[in-house]
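The values are calculated or read from the model by the stated rules, or taken from the named source; none is laboratory data. These numbers were taken from a predicted model, which means no experiment stands behind them. Here Cβ is always computed from backbone atoms with ideal geometry, including for glycine, and neighbour counts include all displayed protein chains. Only protein heavy atoms, including side chains, enter the accessible area calculation; ligands, DNA and RNA are left aside. Shrake-Rupley method; radii C 1.70, N 1.55, O 1.52, S 1.80 Å.
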Amino acid sequence: MTMMEKEPQQPLSEWVTLISHDEFTFHILRSSANLSGTIRRMLDPKSGFKESVTGVCHFENISGTVLEKVCEYLYYKDRYQGMTNVPDLEIAPEVSLELALAADYLDCRAVACEGIMINVLI
Amino acid sequence: MSSRRQPNRIRGPHSALTDFLAANNISARQIRDDYENRVRAAQTENNADGNDNEEVEGGEDGEEAESAAQAAAEAAIARNRSRRQQQDAVLKARADKKKKAEKKATKSKKRKSKRGDSEDEDDSDFDITQDMYQKKKALPGQFENCELCEKRFTVTPYSKTGPDGGLVCGACGKDLDKESKGDKSAKKISGPVKRARKVESERMDGIVRYGPKPLVQTCIETMLKFSDSIESFDNTPEHLVTQICRLFTKHRVLNEDTFPLFLRSDMDRLQVYDCGKLKSKDFERIFAEIPKITHLALDNAYQFKDSSMDYMIEKAKNLTDIRIYGANLITSPQWSKFFKARGKKLKTVKLKWLDDSFADEQVADLVAHCPNLERLKLEFCWKLGSDAIDSIAGLRKLKHLSIRIMKPVENENLISMINAIGPRLETLSLRSFKDLDDSVLEAIHNSCTKLKKLRVADNDVATDSGWAALFTDWANIPLEFVDISEVRDIDNQNPEGPEEPIGVAGAGFAALMEHSGEKLRHINVSSCRHIPVETLLEVFALGATFPKLENVDLSFVQHIDDVALAGLFKAAPETLKKVALFGCFGVTTDVIVPHGVVVIGPPRIGVEEDGTMEIWGDTAMDDVPSAVQVAVEAQLGAEDDMDLD
């Protein structure tokens, strides 16, 4: 942590890399990646995680197909944030459960919906 | 009558068989004629074949007979040929008719649109000639053979027409219906109409959605469509399983087949929000598969029977929280048995909709055997009365109490209960105690100091001065949740209400906000119609802040107007989510609703003059305070400026 603070501030790269456990690599925009709570915390320079220095995140329990869909969702979310009448994202049924687990882990919530989710579910 | 009109119709004696056949629309004569026709046709065929053979044999006979035989044979062949040709033509015509009938069935819609086509005209001619030879359609009450399954059935006015134009029986008719319905359901309504309806429906639930849905929710919704093919939820975190269970219930796909997915031995809690489709053996399965269960919630558990209860008593030894709604098949002794056996560990008991089985004695058993109970909810248990209230006073560790007793209860009983358990209570919900008066409020004032949630709803006795006395100089910590809805006088002879207002009015509301304003998250004062506009303006004046306020229900608070509402928006700018204003005619569309707030219920008045404003939260305003300021100014006199906007 202290080491990090002493280092001169480098401009953060615009792109980050996400790698699945079966070695599929996805380069996506940092701004989109930050929409996932978990990835944001991993990449946050203040956190001092290894990922924040290298800009590369390894996900040991997420497969390539699922991570691809996650990246698609992040871009989709980035595009439609704050808008109404958002079209639904199509998800293949065979990956839905695995994707739900990944989404839960990655904290892919729409920030504006946090309170609303509770309402929906109750 | 008809027999008298036809005097010549003389009949001979009938056999029972003839009567039976006539009654079943079977004509013996027709059968006989058909049979004879067939026999005759077969004979002529045989004769013709015989002639052919004769011809061959005749060649070997003498030449004298040859010419005569040949002539006869030729004539026979010609006859035979012409008959065969006739038969072929008839067969061909039948086949054509069948084909066209099929075509007609499949393309009937297309035909309707292309009625002018020449081909169709030909067809119609053909159809007419065919129709002439078709059997007359059976009338209702008669018998007919089904076109599809050939079974005999009684024709009714509702009998369906089959693909070939004949009638079909009930069973086949249903199948046809299903097929046609299947076609309809394939064309689901989608697009903007459905979406708009959903958005509107969600608004009523207090949901405003900006941006896309959370990914988890999208995934679960996909799973819902394929709920049959899910194998298991192993390795899925508990909270995710609970979410899935909720959405499964909401979309009514939680049934006997999908229920086992949620039974996981590694979990210790189970919440099923609608058990309507589950059977008693499913409930027993819960305790077989999750013996270490601690938290159990079953809503609409109609099939939870005594046998399931026995099984629960036997297996679920760690149960601490139990919520069972609507389990009417459990008998009273079984409840007592349960409390005796498993009462010591119980911390939460929530029971609702027990009509005939849960009586005062069971509450006494509950109190006697559940010394550690912290949370108790008893609603719509029709047999409970004052004795139950007396028993509850014995629960020394109780923190949360919600009761709704259907029988009349004396105030003395309530007061003694509140005096006994009040000091430890954090939640007190007294619903539908119609005769609850100021003396009970005074008891609450004197005993309770830790209340966070207070509900005294559906009452027509407690007065404004009683409420004001409760909230003035109350030693209790500030409340977070207040529900004083439906506290009002109902008298058709005196619609304005008595002089001394019933329910929260000016003094009571001001005292409430003064006491709890800083912590309040939820206020429900619907139907408290005597709150004057002066008090509302004073409470929601410029400068007042309610930093936690999220949910406000001011329905039927008649005197609220635009200025007071704008003041409310300003007083809770960050947190406010939902305001209900049903029947508030003082609110017009001049109020600008801040971004993220849902206002439901106000009558849309003045929309024609000023169509740009929406009271439904559509107008996204980034700068909330200034927007409110505009509204306040507009109401205070600058109405011309407002119209220009």
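Just wondering, is there one or more residues in the stretch A:73-87 that are at pLDDT 90 or above and away from chain B (no Cβ under 13 Å)? No, every residue in the stretch A:73-87 fails to be at pLDDT 90 or above and away from chain B (no Cβ under 13 Å). Would you check if B:E609 is modelled with pLDDT of 50 or more and of a type in the set (D, E, K, R)? Here the answer is no, as B:E609 does not meet what is asked. One residue stands out in the stretch B:160-201 among those that are within 30 Å of A:N85 (Cα to Cα) and among the β-branched types (V, I, T): the one that is modelled with the lowest pLDDT, namely B:I189. The residues listed here are B:H530, B:H515; of these, the one that is within 14 Å of B:D464 (Cβ to Cβ) and open to solvent by 10 Å² or more (accessible area, probe 1.4 Å) is B:H530. Mind listing whichever residues of the stretch A:88-111 are more than 8 Å from every other protein chain (Cβ to nearest Cβ) and among the charged types (D, E, K, R)? A:E90, A:E94, A:E98, A:D107, listed by residue number. So, of the residues in the stretch B:225-260 that are under 19 Å from B:A297 (Cβ atoms), open to solvent by 50 Å² or more (accessible area, probe 1.4 Å) and assigned to a helix (DSSP H, G or I), which turns out to be farthest from the other protein chains (Cβ to nearest Cβ)? Across the stretch B:225-260, the extreme among qualifying residues is B:E238.
For B:I403, the conditions (1) of a type outside the set (K, R); (2) open to solvent by 50 Å² or more (accessible area, probe 1.4 Å); (3) within 31 Å of the chain's Cα centre (by Cα) all hold with the exception of (2). The criterion of being more than 12 Å from chain A (Cβ to nearest Cβ) and outside any loop (DSSP other than H, G, I, E, B) does not hold for B:R264. For the stretch B:425-437, residues that are at pLDDT below 95 and open to solvent by 40 Å² or more (accessible area, probe 1.4 Å) total 4.
If you filter the stretch A:88-110 down to residues that are open to solvent by 30 Å² or more (accessible area, probe 1.4 Å) and touching a Gly at 6+ places or on another chain (Cβ under 8 Å), you find that the one that is modelled with the highest pLDDT is A:D107.
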